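Visitor: Supplied in structure tokens, the structure appears directly below.
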Amino acid sequence: MMKRPAAAKKKRSASTIRWIRNILIGCFIGSLLPVIIFRFVPVPVTPLMIIRCAQQIFNDETVTVKKEWVPLEEISPNMACAVIASEDQNFTRHFGFDFKSIRKAYDKRNVRLRGASTITMQTAKNLFLWPDRSWIRKGLEAYFTVLLETLWSKERILEVYLNVAEMGKGIYGVEAAANAYFKKQAAGLTRNEAAMIAASLPRPLKMSPARPTAYMISRQAWILRQMRFVSETSLDLRCL
């Protein structure tokens, strides 16, 4: 008489395992599809853009979204060099995670140290996630970072980053930033202009290339010095 409850319990357990397995498979496929699609298709909108628009509506402000997709070959090499020099100097040499920089950040008790978050990690966050510092968000960021590094080229990662990164209030991507701050296209950015945009990236809502602070000018000078090393990477970037 005791065998039936045991058999029923075993059946329920097997059913639960199948349900969990199907959920995990569905989540994996659901996350994989946009990664594959955006490998080839320009990104129309990101979660951060939607969040910023909602904040503008909530604050009774004019909704502003300035963005224009441009392929990597139509972006000045100076801009690519500047963001790599500023954000992730080991971009071409790691698989999404710069463990040396991460370790240095934790050793200094400052997880926000520039370089600890790679360009791939920032692209994953910008493209699929929301601004948050929770462990869940960081775990998802690591997951999407692995997918991007596995399925995309370094050139594609850099191209998407330069097109979707927040570069000012309502300004997304280097084309919109170049137009807003220097009245030109991204293809025409000089070394100084590219370095100044890169200098604002840590806090794009607080720092503007149009009104550079002493800190931004100092950081721009540092980025300009670093750019000569970046131009020697395997991406064959030639800063002008």
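Visitor: Looking at (1) farther than 13 Å from residue 165 by Cα; (2) assigned to a helix (DSSP H, G or I), which is the only condition residue 63 fails?
Guide: Every condition holds for residue 63 apart from (2).
Visitor: Restricting attention to segment 29-71, and to residues there that are farther than 14 Å from residue 172 by Cα and among the hydroxyl-bearing types (Ser, Thr, Tyr), which single residue is surrounded by the most Cβ atoms within 10 Å (Cβ to Cβ)?
Guide: This residue is 31.
Visitor: Looking only at segment 129-183, count how many residues are outside any strand (DSSP E or B), among the aromatic types (Phe, Trp, Tyr), within 19 Å of residue 201 (Cα to Cα) and in contact with a Ser or Thr (Cβ under 8 Å, 6 or more places away or on another chain).
Guide: Total meeting the criteria: 2.
Visitor: Right, next: Whether any residue in segment 205-225 is in contact with a Gly (Cβ under 7 Å, 6 or more places away or on another chain) and crowded, with 16+ Cβ neighbours inside 10 Å is what I want to check.
Guide: Checking segment 205-225: at least one residue is in contact with a Gly (Cβ under 7 Å, 6 or more places away or on another chain) and crowded, with 16+ Cβ neighbours inside 10 Å.
Visitor: In this structure, does residue 178 turn out to be open to solvent by less than 30 Å² (accessible area, probe 1.4 Å) and at pLDDT 95 or above?
Guide: Judged against the criteria, residue 178 is a match.
Visitor: Let me ask another. Quick one: which of 171, 197 is under 19 Å from the mean Cα position of the chain (by Cα) and open to solvent by less than 10 Å² (accessible area, probe 1.4 Å)? Steps first, please.
Guide: Numbers: 171 fails: open to solvent by less than 10 Å² (accessible area, probe 1.4 Å).
Of 171, 197, the one residue that is under 19 Å from the mean Cα position of the chain (by Cα) and open to solvent by less than 10 Å² (accessible area, probe 1.4 Å) is 197.
Visitor: Exactly one of these conditions fails for residue 163: (1) within 13 Å of the chain's Cα centre (by Cα); (2) polar (S, T, N, Q); (3) open to solvent by 40 Å² or more (accessible area, probe 1.4 Å). Give me its number.
Guide: (3)
Visitor: Restricting the search to segment 64-87, which residues are more than 17 Å from residue 204 (Cα to Cα) and in contact with a Gly (Cβ under 8 Å, 6 or more places away or on another chain)?
Guide: Within segment 64-87, 68, 69, 70, 76 qualify.
For every residue, the table says whether it meets (1) touching a helix residue (DSSP H, G or I) at 6+ places or on another chain (Cβ under 7 Å); (2) over 16 Å from residue 85 (Cβ atoms); (3) not charged (D, E, K, R).
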site: 171; (1), (2), (3): yes, yes, yes
site: 174; (1), (2), (3): yes, no, yes
site: 200; (1), (2), (3): yes, no, yes
site: 207; (1), (2), (3): yes, yes, yes
site: 228; (1), (2), (3): no, no, no
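Visitor: Look at residue 93 and say whether it is surrounded by fewer than 21 Cβ atoms within 10 Å (Cβ to Cβ), part of a loop (DSSP other than H, G, I, E, B) and modelled with pLDDT under 95.
Guide: Against the criterion (surrounded by fewer than 21 Cβ atoms within 10 Å (Cβ to Cβ), part of a loop (DSSP other than H, G, I, E, B) and modelled with pLDDT under 95), residue 93 qualifies.
The values are calculated or read from the model by the stated rules, or taken from the named source; none is laboratory data. Not measured: the values here are computed from a predicted model. When we count neighbours, we look across all protein chains shown, and the Cβ atoms used for this are built from the backbone with ideal geometry, even at glycine. Surface accessibility is based on the protein's heavy atoms, side chains included, excluding ligands, DNA and RNA. Shrake-Rupley method; radii C 1.70, N 1.55, O 1.52, S 1.80 Å.
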